[in-house]
1. Working from the pairwise distances between different alpha carbons, so that the mean of 1/r is found and then inverted, what is the range 183-299's Kirkwood radius in Å?
2. What does the charge count around Val27 come to, taking other residues whose C-beta lies under 14 Å from its C-beta (Lys +1, Arg +1, Asp -1, Glu -1)?
3. Suppose each label sits 7 Å from its Cα in the direction of the beta carbon; what would the Gln284-Leu301 distance come out to in nanometres?
4. Efficiency by 1/(1 + (r/R0)^6): what FRET value for Glu182 and Glu215, r their Cβ-Cβ distance, R0 = 35 Å, to the nearest 0.05?
5. Determine, for Thr249, Thr201, Thr154, the number of other Cβ atoms within 10 Å of each Cβ, and report the residues in order from fewest to most.
6. How long is the gain from Glu204 to Lys165 if the chain were fully straight, where each residue apart is worth 0.36 nm and the alpha carbon distance is subtracted?
7. Quick one: length gained pulling Ala13 to Glu134 fully straight, 0.36 nm per residue minus the C-alpha distance?
8. Please list 3J(HN,Hα) in residue order for the range 20-27, calculated via the Karplus relation 6.51 cos²θ - 1.76 cosθ + 1.60 where θ = phi - 60°; whole Hz, with x for glycine and proline.
Amino acid sequence: MFKELEVSANGVALFFILLTLLTIGLVIFFKKKYRSYSHQDLAESNKENITRSLSARSKFPEVDVFKNTGSFFNYGLASAVAIALISMSWTTYEKEVYIPDNALAMDDEVEVDIPRTAEPPPPPPPPPPPVIQEVPDTEVIEEDQPKFENQEVTEETKVEAPVVKAPPPPPPPPPPKPVEDEIFKVVEQMPRFPGCEDKGTDKEKEDCAKGKMLEYIYKNLKYPAIARENGVEGQVVLQFVVDKDGSITDTKIVRDIGAGCGSAAELVVNGMNNMGKKWTPGKQRGRPVRVLYTLPVKFKLEG
């Protein structure tokens, strides 16, 4: 079996440079060769050839460029085949991504407070206790008994209906408070990085998603120059929310090691919204929910 020919970009560039130099060299060589013949020398060397066919393409055979037509054609054909072969064998290699060992392992346990979605209003203060006042002893003044009027109603008595005023309408109820979705920390199906939904079991999807997430992070993570120059290494811990539609929101740096490492990691996480594919959202009881995700990012200098 023949091994597949693989040529890197540098190899392709080197081939075209060599082919160009070879072609230029051949042109210069033949140009100098034909210019080395003088007209006088050619006339003296061919003066004995008195009879010459009228169909001859050149007066002097020494400088007949058409006699090399076959060689030039073969050279051009070989060059075209080589160019086609090299072009089809042009292979691009992805840059190897360095992922530190145990990249998702926490160095220390980080206590992360779940953001509250809606704080309940404080309870009303208790009513003040009743104040018992002492009633002083007073003398009861006897008043004259009221006189009773005759209130007998007969057929001739006119009774006017009392005027009852309608009570004012009750005030409209206050508008309902906007309901904010609850943010979960642990759900039945945790959110996953995109690109692994074609796998079989949930365990395979989860392992594949973690691998692709690490590959994305450490491929796009730029080690800050100030941190590299000062040898700053360590672990940055980020916290973000995977929304119902798979977008990343509320990114926050929980632990930072300084020298711009936290901002560099936060920039990579926020860039997940520009990947073209969104996360697979977490699910609780079969419906998508908002999930709090904690992600450690290790900064380690190679070598």
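Here, each number is a calculation from the coordinates, and none is a lab measurement. Bear in mind the structure is a predicted one, so any value in this text is a computation, not a measurement. All Cβ positions, glycine included, derive from the backbone under ideal geometry; neighbour counts span all protein chains shown.
1. Values: mean 1/r = 0.0673 Å⁻¹.
So the Kirkwood estimate lands at 14.9 Å.
2. On the way: positive: Lys31, Lys32, Lys33, Arg35; negative: none.
Spelling it out: positives minus negatives among the neighbours equals +4.
3. Simple spin-label model gives 4.4 nm for this pair.
4. Working: r = 32 Å, r/R0 = 0.91.
About 0.65, to the nearest 0.05.
5. Working: Thr249 11, Thr201 8, Thr154 5.
With the sparsest Cβ surroundings first, the list reads Thr154, Thr201, Thr249.
6. Details: separation 39, 0.36 × 39 = 14.04 nm, distance 7.52 nm.
Going from the current span to full extension adds 6.5 nm.
7. 32.7 nm
8. 5, 5, 5, 5, 4, x, 5, 4
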